[in-house]
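Novice: This is the structure I want to talk about, given as structure tokens.
The values are calculated or read from the model by the stated rules, or taken from the named source; none is laboratory data. Computed from a predicted structure; not experimentally measured. All Cβ positions, glycine included, derive from the backbone under ideal geometry; neighbour counts span all protein chains shown.
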Amino acid sequence: MTPRFDALVEELAHAAFSVDAIALGLNTSLDTIGTIVRSVPSHEGRLLERGIAMLAGFNPDLVVLTQNIRLPVSKAAVELVEMNRPAQYRSLTLDADCSGRKSYTPDLIVLNSRTRVAHVVDVKRSLNSYETSRITDLKTRMLAASLIVPDLLYKEHRRLVAEDVRVVILNAENQRTDIEGGVWPLSHLDHLLEVKGAGEMMKSLQQAFRHRIEQNWKQALQSVSGGIEGRGVSAAAASPTQANDTPAAGPPDADAGPAPEGVVRFGFARIPIARTG
């Protein structure tokens, strides 16, 4: 796995944070270098998403979806989640063809084809900038969107079947966690993927990416000549990997085809219960 992780770090770091690109920004303007700094969270988020998909490959039971998974969020679905306890809508599923002005795009949908448990996953580099109300709103949208996941998987993804849909926010900073409420630290990735050591491997990947950016940043500073501090760049140069994370959403998709029958359960992700005997 190390060579694959190294290649991923190289690909994403070189895309926007090469020594030449940073040096050009330092020699151009504060706006240019600010744009580079602000792009760190989105690139790191992409790194985490792709890293998780790689690790999921170690579990042959998992199917990971990362493309074309914009989920419509209808007013009815939101009201259903907001006005009822989870137990009252756990067995409901909505048609994927339902329209809605709003939508939610998860970073990943991870389906265990053996247990038929699907996880709708939102990966966050950090939740430090998120107010509690903002996290609550995100969880509501995720739960509302998850109501169409069984129908979507069956219609648009080769008749995949999900009987239990859970939502989880993965916080890469391992802070502000709420295990019962679906906010997990990255260290709990082992439980999500059922791959031992997955959380530690993702943390190593994240650290390698940040280290590579810092190295490139220092080399760029050394390569440019004259008055970097005088132009006010040193403050931005001190910590280029500390930018805040931001959420993203997209427009809804339309789907078609027959839907599976049966009881489907919804809710937050749950830690497996250890069995004895």
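Novice: So in segment 17-35, with the set limited to residues that are buried (at least 17 other Cβ atoms within 10 Å of the Cβ) and not β-branched (V, I, T), which one is farthest from the chain's Cα centre (by Cα)?
Specialist: First, the residues of segment 17-35 that are buried (at least 17 other Cβ atoms within 10 Å of the Cβ): 17, 19, 22-23, 25-27, 33.
Checking which are not β-branched (V, I, T) leaves us with 17, 23, 25-27.
Numbers: F17: 21, A23: 30, G25: 29, L26: 31, N27: 34 Å.
Top of the filtered list is N27.
Novice: Right, next: Please identify the pairs in which a residue from segment 18-33 that is assigned to a helix (DSSP H, G or I) has its Cβ atom under 9 Å from the Cβ atom of a residue that is surrounded by 14 or more Cβ atoms within 10 Å (Cβ to Cβ) and of a type in the set (F, W, Y), counting only partners at least 6 apart or on another chain.
Specialist: Short answer, once both residue conditions are applied: V19/W217; I22/W217.
Novice: Tell me, which residue of segment 178-215 that is among the β-branched types (V, I, T) and crowded, with 18+ Cβ neighbours inside 10 Å is farthest from R166 (Cα to Cα)?
Specialist: Across segment 178-215, the extreme among qualifying residues is I213.
Novice: Ok, one more. Is there a residue in segment 28-42 that is among the hydrophobic types (A, V, I, L, M, F, W, C) and farther than 18 Å from L221 by Cβ? Walk me through it before giving the result.
Specialist: Step one: of segment 28-42, the residues among the hydrophobic types (A, V, I, L, M, F, W, C) are 30, 33, 36-37, 40.
Remaining after also requiring farther than 18 Å from L221 by Cβ: none.
Checking segment 28-42: not a single residue is among the hydrophobic types (A, V, I, L, M, F, W, C) and farther than 18 Å from L221 by Cβ.
Novice: When you scan segment 184-199, do you find a residue that is part of a helix (DSSP H, G or I), in contact with a helix residue (DSSP H, G or I) (Cβ under 6 Å, 6 or more places away or on another chain) and under 29 Å from D95 (Cα atoms), even just one?
Specialist: Residues of segment 184-199 part of a helix (DSSP H, G or I): 186-193, 198-199.
Narrowing further to those that are in contact with a helix residue (DSSP H, G or I) (Cβ under 6 Å, 6 or more places away or on another chain): 186-187, 189-190, 193, 198-199.
Now drop any that are not under 29 Å from D95 (Cα atoms), which leaves 193.
The answer is yes, given that some residue of segment 184-199 is part of a helix (DSSP H, G or I), in contact with a helix residue (DSSP H, G or I) (Cβ under 6 Å, 6 or more places away or on another chain) and under 29 Å from D95 (Cα atoms).
Novice: Name the residues in segment 1-49 that are within 23 Å of D122 (Cα to Cα) and among the small types (G, A, S), would you?
Specialist: Correct list: A13, S39, S42, G45.
Novice: Same structure, new question: When the residues of segment 71-106 are narrowed to those that are closer than 30 Å to V195 by Cα and at pLDDT 90 or above, which ends up farthest from the chain's Cα centre (by Cα)?
Specialist: L71
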